[in-house]
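Chemist: Below you'll find the structure I mean.
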Amino acid sequence: MTPSVTLLMAIHCHQPVGNFGFVFEEAYAKSYDPFLRVLERHPEVRLSLHYSGCLLDWLLTHRPEFLDRIQHLVTRGQVELLASGYYEPILPLLPEADRQGQIAQMRAALKNHFRTDAKGLWLTERVWEPELPASLSRAGIRYTTVDTNQFAGAKAGLPSALQVQDEVFWDLLGSYMTEYAGFSVRVFPASKRLRYWMPFQRVEQTLDFLRRLKREQPVAITFADDGEKFGFWPKTHHWVYDEGWLDQFFSALERERSWLSTTTFQAYVETVPADGSVYLPCGSYEEMLEWSGGYFRNFFTKYPEANALYQKMLGISRTLTELRASPLQVPRSKHQTKRQGNETGRRPLAAKRREVILRQAKQALYTGQCNCAYWHGVFGGLYLAHLRRAVYAHLIAAEQLANQASGATASVTVLDADGDGREEIRLKTSAMSVLVDPAEGGAITEWSLYGPRVNLLDTLSRRYEPYHEKLKANPQPAAVSPGGVTPASIHDTLGVKEENLASHLVYDDHRRSAWLDYALQQRPTLQEVVTSTWGERRLWSSGPFAWTREPRRARASTSLNVTLVRAMDGGRIRKNLRVFTEQATLECCYELERVRVPVVGLEFNVALRDERYLAVAQEHSQTTAFVLEEPSTGVSLTLSLEPAAALFHFPIETVSESEEGLERTYQGLCIMCVWALNGARSWRGTARWTIESP
């Protein structure tokens, strides 16, 4: 007798680029290894597994025997391995060439390690956009899973017999074809009910629901979710393994084989036709839509820091595409002849080296496309400085390699770097890349060092998040399991990782970038600077600057110079940025001409961690020099001020949600330089940054 209900399961395991080694180790010990051990004891249970390329790389280095165990399960037909973008990117965010490259690299790795030709795909964060079928089909992908809520708009056109509605959940059974421009893929709707119940409810509750699905004709339901919830999410390891939930669940699946079967997506697609056709709008799972305001790309509006990361990635991708399309230019000296022998000795060698560099750049770009640092939900994501730094490191490496491939030297380039339709200015030397935004008050929004591969301005502003309301209402919430028996899902809990966390809820009124200038009625207090409550002291708000490139002078070969000017009250503000080409120095000169201002302030936010400045805010008078060091990267910054200034500094710390509760995270150090002008109508101050790095 053919079982009337088929349960299709996709288990996704991933750790992001840049995550700490101990996190990989703990996830392996609490989830990846024990899950596989239970599965190995239940050979009749079939499912699909996905391991991101980042995790595969770690497993290959640290737990190669684990890959052998997966290979055994694949060989005996118990497990299907799903592809994805290798470094777990959000596929719709990538240019088409990168989508193809990422998927191809993953499929090649699966074939190399496990001798399997993956036709199915784990869709990262289940972020769907309508043109994806064309990309997936071109990449050799035939099917994927998306969440049931994404089918809601098409309810009327879907088979009513395959829809299951109750007071809480709506489920859609089966699978459906969708297409774009004639390219088709098959999509499986993944149940939110099962995602919330497994493993957080007792096994019998899930079985009772599956029994309700029995029809005269066979039906299938899909479960697709993170493997980390089986042991690595808070309080789940004891329940799933010590209390035996997973073993009980797999035993029940084997016991109920008369009416309930499990299989892989690949086997199902080969034997069962789709249940209809559907067209899906942009979407993701319901929680992601809530976090993003309905559409994933809204993260780039809410968080300009995420947009800066994203636009840098796109810019590097475009550059590499252009370099691959352009022929290699080999200068010929006036002494060379056109004889074939004179050029063949140089051109192939140069072309080969360039090709190697471009391959390395592409790999660095792909690594920098890992999704986790680009957004924020229940996990730290964008708020985790070490994840952002890792992504920036790979993007900076790709940019440096692209510079080498193009033969680029020191340059000043005008471009729309953040996609807002307005011009920014990028100054590049062999040591650094500096981005200035005239429309945003002439602020410096990126300052990347090629040697240590660090963006010194990779800070994150302190912003309001909706979950802060729960913390304000209950400063010491605790994660409580429903009924006190089964573990609570991370979607249903709110814990805190330290006492008095609510006292750290401070919100900024501006992006924490650098070379922000202020005209003030009077000198602010240290507390006002820390809490960002001195806005009423400002004489005017920030505004756009016009800019010019300084004419070439004798010193032009030793520095790049950009001047920004803003008219103000019959006078003007003048900001001159000078980047030295032969030494790692950045000079910011600020001038007021015929403008009477009682107090001037210049703000710099630096994403380095110096243990001397993490505990408390401090104030220094008549400061001419300030040193900031980060031993882990070997980067040291010396700020020289002329004339001497009052200097305030404090750690920028955000309060954000993580899987283990709300936590405080260091984002960078704010350095505020303040001068009293004592009635002067013209004034000039200079902040010079000198860098020492490996």
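The values are calculated or read from the model by the stated rules, or taken from the named source; none is laboratory data. As the structure is a computational prediction, the values presented were derived from the model and not from experiment. Every residue, glycine as well, gets a Cβ built from its backbone with ideal geometry; the counts of neighbours run over all protein chains shown.
Chemist: Residues in region 418-446 that are within 14 Å of Arg511 (Cβ to Cβ) and assigned to a loop (DSSP other than H, G, I, E, B): how many?
Modeler: 4
Chemist: Moving on. Has region 610-621 got at least one residue that is buried (at least 20 other Cβ atoms within 10 Å of the Cβ), under 24 Å from Val434 (Cα atoms) and not hydroxyl-bearing (Ser, Thr, Tyr)?
Modeler: No, region 610-621 has no match at all.
Chemist: Run down Leu55, Leu67 and say which single residue is surrounded by 21 or more Cβ atoms within 10 Å (Cβ to Cβ), assigned by TED's automatic domain parsing to the domain that holds Ala118 and in a helix (DSSP H, G or I).
Modeler: Leu55
Chemist: A further question follows. Among the candidates Tyr196, Tyr176, Tyr180, which residue alone is among the aromatic types (Phe, Trp, Tyr), farther than 28 Å from Gly140 by Cα and assigned by TED's automatic domain parsing to the domain that holds Pro34?
Modeler: Tyr196
Chemist: With surrounded by fewer than 21 Cβ atoms within 10 Å (Cβ to Cβ), in contact (Cβ under 8 Å) with a residue 40 or more places away in the chain and either out of contact with any strand residue (DSSP E or B) (no Cβ under 7 Å at 6 or more places or on another chain) or of a type outside the set (Asp, Glu) (or both) as the only criterion, which of Phe35, Phe20 stands out?
Modeler: Phe20
Chemist: Given the criteria touching a strand residue (DSSP E or B) at 6+ places or on another chain (Cβ under 9 Å), surrounded by 14 or more Cβ atoms within 10 Å (Cβ to Cβ) and either of a type in the set (Ser, Thr, Tyr) or not in a loop (DSSP other than H, G, I, E, B) (or both), does Thr533 qualify?
Modeler: no
Chemist: Let me ask something else. I'd like to check something: does region 636-656 contain any residue that is surrounded by 13 or more Cβ atoms within 10 Å (Cβ to Cβ) and not in a strand (DSSP E or B)?
Modeler: no
Chemist: For region 294-328, how many residues meet the condition of being in contact with a helix residue (DSSP H, G or I) (Cβ under 7 Å, 6 or more places away or on another chain), more than 19 Å from Glu440 (Cβ to Cβ) and either surrounded by fewer than 21 Cβ atoms within 10 Å (Cβ to Cβ) or among the hydroxyl-bearing types (Ser, Thr, Tyr) (or both)?
Modeler: Counting residues in region 294-328 that are in contact with a helix residue (DSSP H, G or I) (Cβ under 7 Å, 6 or more places away or on another chain), more than 19 Å from Glu440 (Cβ to Cβ) and either surrounded by fewer than 21 Cβ atoms within 10 Å (Cβ to Cβ) or among the hydroxyl-bearing types (Ser, Thr, Tyr) (or both) gives 7.
Chemist: Can you confirm whether Val506 is part of a loop (DSSP other than H, G, I, E, B), aliphatic (A, V, I, L, M), in contact with a Ser or Thr (Cβ under 9 Å, 6 or more places away or on another chain) and at pLDDT 90 or above?
Modeler: It is true that Val506 is part of a loop (DSSP other than H, G, I, E, B), aliphatic (A, V, I, L, M), in contact with a Ser or Thr (Cβ under 9 Å, 6 or more places away or on another chain) and at pLDDT 90 or above.
Chemist: Here is a further query. I'd like the full set of residues that are assigned to a strand (DSSP E or B) and among the charged types (D, E, K, R), limited to region 575-610.
Modeler: Listed by number, the residues that qualify are Lys575, Arg578, Glu587, Glu591, Glu593, Glu603.
Chemist: Look at region 77-107 and say how many of its residues are free of Cβ contacts under 8 Å to residues at least 60 places away in the same chain, outside any helix (DSSP H, G or I) and among the aliphatic types (A, V, I, L, M).
Modeler: The number of residues fulfilling the criteria is 2.
Chemist: Condition first: within 19 Å of the chain's Cα centre (by Cα) and either surrounded by fewer than 13 Cβ atoms within 10 Å (Cβ to Cβ) or within 18 Å of Phe379 (Cα to Cα) (or both). Now tell me which residues in region 38-52 satisfy that.
Modeler: Ser52
Chemist: Still on this structure, I have one more. Go through region 214-253 residue by residue and tally those that are under 25 Å from Gln266 (Cβ atoms), in contact (Cβ under 8 Å) with a residue 60 or more places away in the chain and among the aromatic types (Phe, Trp, Tyr).
Modeler: 3
Chemist: Before we move on, is Pro643 free of Cβ contacts under 8 Å to residues at least 60 places away in the same chain and either within 35 Å of the chain's Cα centre (by Cα) or not assigned by TED's automatic domain parsing to the domain that holds Arg572 (or both)?
Modeler: No; evaluated as a whole, the condition is false for this residue.
Chemist: Additional query: Failed condition for Leu320, given (1) modelled with pLDDT of 95 or more; (2) not in a helix (DSSP H, G or I), with all others met?
Modeler: All conditions are met except number (2).
Chemist: Looking only at region 70-89, filter to residues that are of a type outside the set (A, V, I, L, M) and buried (at least 21 other Cβ atoms within 10 Å of the Cβ); which one of those is farthest from Gln100 (Cα to Cα)?
Modeler: Glu80
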